[in-house]
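Let me begin by presenting the structure, written as structure tokens, before commenting on it.
The values are calculated or read from the model by the stated rules, or taken from the named source; none is laboratory data. Quick caveat: nothing in here was measured; it's all calculated off a predicted structure. Reconstructed Cβ throughout: ideal geometry from the backbone, glycine too, with neighbour counts over all protein chains shown.
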Amino acid sequence: MSSAQADTGEDGLLEVLRARIRRDGPMPVEAYMQACLADPEHGYWRQAAGTIGADGDFITAPEISQVFGELIGLWCGVVWQSMGRPAGVHLIELGPGRGTLLRDGLRAGRAVPGFLQAAAVHLVEISAPLREMQRQALAPFSRSRRPAQDPAAGLPGVVGPRLRGDDVEWHERLGEVPPGPAIIIGNEFLDALPIRQLVFAAGAWRERVVELDGQEKLRFGLGATVDRPEADWADTAPPPDAILELRAGESELIAELAGRQAPVAALLIDYGPAEAGYGETLQAVRRHAYGDPLATPGSADLTAHVQFGRLARQARAAGLAVDGPITQAEFLGALGAAERAARLMAANPAEAGSIETGVQRLLSPAGMGQLFKAMVIRSPDLPPPAPFG
Ligand code: SAH
């Protein structure tokens, strides 16, 4: 996207939001975030294709090292084995970005006999430009793709078994995936779903809103009083000005998982604390720099932490089993990230330095190793998957 286009998009949404606030009054943070990310015309994910990667707004684990997707692909194959190798399994990715995780994962998953032939891939994605990138990334694994049309057919690593389905299928929501055994992956998916913020002010919880100041600039404010939220786990009163963040998308995911027929296993990797707590985590990222979440609606990525402790409690209350959360370093380390990196380095000495740097970034506490967590939500009758079992 050219900067001229970006500026038009930005002002476009800002104007739409101003008009809406003038007409309807201050809008809850959740509605603001929903508009910024998913407004059909101006939303960040609707327009953005070049957002993820070293030259985009932010970078994610699968874009840093192929080891990430490879280990998760093998993990999926082993989970499929633990389900009793069903002849058909839905392999579902939530928010697949550029499709890199699954491309690396399917390549590695070929080592598990029969897994690819049993798997039908479903991608839950709202971004049209990213869907196109995903189509290209996964084309070598689709049955419908004839070798003659396949520019990647001659490359090493793309010959071999293909997926069960004729092609990858796309969905707007997880609920659209047909019934049947399912393995679900979501890396940095939940953080991209809108949150609601409640503020504890003068002894009561109030909705945090976005309003206009005297100069028509967006600013945060306090809206209506709300009942004590269910997710307020504290026995004593929260501290003054405590902020509680609630994400409807997490509750919806759990309801979907609980409603699916067994077996189902979902691996969720994201950033956020293992223990439930208060605090504001809404952040805007553009060109690898943090910014003001109200400054450029629609043209910065808006995210908030995933509260893994609360997510785990909700999942258990819905009758599901939970493994973890553990840190990304523990998860990838136990699955053999260092060993896989060493093999890649031995096979590609010229790239050994960048392979090592990439894996270090995934594992180190100063990089993504500590803040990022991995958690599995699954049917209770499945055994705990590696590395939890
Ligand atoms: N998993 C990828 C991308 C993470 S970015 C990676 O690790 O690189 C978040 C992804 O979720 C993007 O693909 C974005 O388009 C998608 N997304 C955002 N909101 C969504 C929604 N409401 N439903 C489905 N996908 C969504």
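Selection of strands (runs of 3 or more DSSP E) fully inside region 173-232 by the criterion of at least 1 residues being surrounded by 22 or more Cβ atoms within 10 Å (Cβ to Cβ) returns 182-187, 196-201, 204-212.
In summary, helices (runs of 4 or more DSSP H) completely within region 49-135 and bearing 1 or more residues that are among the β-branched types (Val, Ile, Thr) and over 17 Å from the mean Cα position of the chain (by Cα) occur at 66-82. Restricting the first member to region 228-251 and to residues that are more than 19 Å from residue 304 (Cα to Cα), and the second to residues that are more than 16 Å from the ligand (Cβ to nearest atom) and at pLDDT below 90, the beta-carbon pairs closer than 9 Å and six or more apart or on different chains are 233/276; 238/232.
Are any residues in region 273-299 small (Gly, Ala, Ser) and crowded, with 23+ Cβ neighbours inside 10 Å, and if so, which ones? 298, 299 - these are the residues of region 273-299 that are small (Gly, Ala, Ser) and crowded, with 23+ Cβ neighbours inside 10 Å.
If you go through region 233-256 and keep only what is at pLDDT 95 or above and among the hydroxyl-bearing types (Ser, Thr, Tyr), you end up with just 251. May I ask you to verify whether residue 63 is closer than 23 Å to residue 184 by Cα, at pLDDT 95 or above and out of contact with any Asp or Glu (no Cβ under 9 Å at 6 or more places or on another chain)? For residue 63, the condition - closer than 23 Å to residue 184 by Cα, at pLDDT 95 or above and out of contact with any Asp or Glu (no Cβ under 9 Å at 6 or more places or on another chain) - is met.
Here is a yes/no grid of residues against (1) among the small types (Gly, Ala, Ser); (2) at pLDDT below 95; (3) under 17 Å from residue 189 (Cα atoms):
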site: 303; (1), (2), (3): no, no, yes
site: 316; (1), (2), (3): no, no, no
site: 339; (1), (2), (3): no, no, no
site: 344; (1), (2), (3): no, no, no
site: 353; (1), (2), (3): yes, no, no
site: 357; (1), (2), (3): no, no, no
site: 375; (1), (2), (3): no, no, yes
site: 382; (1), (2), (3): no, no, no
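What number goes with the only condition from (1) assigned to a loop (DSSP other than H, G, I, E, B); (2) over 29 Å from residue 74 (Cβ atoms) that residue 167 does not pass? Going through the list (1) assigned to a loop (DSSP other than H, G, I, E, B); (2) over 29 Å from residue 74 (Cβ atoms), residue 167 breaks only (2). When the residues of region 234-249 are filtered to those that are charged (D, E, K, R) and buried (at least 20 other Cβ atoms within 10 Å of the Cβ), the one that is farthest from the ligand (Cβ to nearest atom) is 245.
Being of a type in the set (Ser, Thr, Tyr) and touching an Asp or Glu at 6+ places or on another chain (Cβ under 7 Å) is the filter here, so list the residues in region 273-290 that pass it. Step through it out loud before you land on a result.
Restricting attention to region 273-290, the residues satisfying the condition of being of a type in the set (Ser, Thr, Tyr) are 278, 281, 290.
The one that is of a type in the set (Ser, Thr, Tyr) and touching an Asp or Glu at 6+ places or on another chain (Cβ under 7 Å): 281.
Among the numbered conditions (1) over 19 Å from the mean Cα position of the chain (by Cα); (2) more than 20 Å from residue 373 (Cα to Cα), the only one that residue 279 does not meet is (2). If you check 312, 276, 329, 255, which single one turns out to be part of a helix (DSSP H, G or I), closer than 26 Å to residue 31 by Cβ, in contact (Cβ under 8 Å) with a residue 24 or more places away in the chain and away from the ligand (no atom under 15 Å from the Cβ)? Going through 312, 276, 329, 255 in turn, just one is part of a helix (DSSP H, G or I), closer than 26 Å to residue 31 by Cβ, in contact (Cβ under 8 Å) with a residue 24 or more places away in the chain and away from the ligand (no atom under 15 Å from the Cβ): 255.
Looking at region 19-32, is at least one residue buried (at least 22 other Cβ atoms within 10 Å of the Cβ), within 25 Å of the chain's Cα centre (by Cα) and either closer than 30 Å to residue 243 by Cα or at pLDDT 95 or above (or both)? Yes, because at least one residue in region 19-32 is buried (at least 22 other Cβ atoms within 10 Å of the Cβ), within 25 Å of the chain's Cα centre (by Cα) and either closer than 30 Å to residue 243 by Cα or at pLDDT 95 or above (or both). For residue 305, the conditions (1) farther than 30 Å from residue 237 by Cα; (2) in contact with a Phe, Trp or Tyr (Cβ under 7 Å, 6 or more places away or on another chain); (3) assigned to a loop (DSSP other than H, G, I, E, B) all hold with the exception of (1).
For region 92-122, the set of residues classified as without any contact (Cβ under 8 Å) to a residue 60 or more places away in the chain, within 9 Å of the ligand (Cβ to nearest atom) and not polar (S, T, N, Q) consists of 96, 98, 99, listed by residue number. The condition of being within 15 Å of the ligand (Cβ to nearest atom) and of a type in the set (A, V, I, L, M) holds for only one of 321, 284, that being 284.
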